[in-house]
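The values are calculated or read from the model by the stated rules, or taken from the named source; none is laboratory data. Please read all numbers here as calculations on a predicted model, not as lab measurements. Cβ placement follows ideal geometry from the backbone for every residue including glycine, while neighbour counts extend to all protein chains displayed.
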């Protein structure tokens, strides 16, 4: 009988006394990111002058920054408000979406 990775993850987590790791949902992150488009653009490329590009950033970095805004470790008038209601799962999903966007850099002549 073949055992899937979900079972292995669950068993490993159970043995270590931790909850199984939930895989981030890129599609859910894309849907949740609709609220981000005003400043960060539909494809994660900053539309406002002071909004950074999120597309292609490493998921771990995005998770850390969003949690810092949510938890008060990093402050920004708008981002602190936007991140405050986000759950860890929503942050993981948003990070998965933005990190999945491939950025192509055009060479200038």
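Quick look at the numbers
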{"quantity": "Complete set of residues in the stretch 20-39 that are under 21 Å from residue 84 (Cβ atoms) and without any contact (Cβ under 8 Å) to a residue 24 or more places away in the chain", "calculated": "31, 34, 37, 38"}
{"quantity": "Subset of the stretch 59-109 (residues that are touching a residue at least 60 places away in the same chain (Cβ under 8 Å) and surrounded by fewer than 17 Cβ atoms within 10 Å (Cβ to Cβ))", "calculated": "89, 100"}
{"quantity": "Looking only at the stretch 24-49, and only at residues there that are at pLDDT 90 or above, out of contact with any helix residue (DSSP H, G or I) (no Cβ under 6 Å at 6 or more places or on another chain) and in a loop (DSSP other than H, G, I, E, B), the one that is surrounded by the fewest Cβ atoms within 10 Å (Cβ to Cβ)", "calculated": "42"}
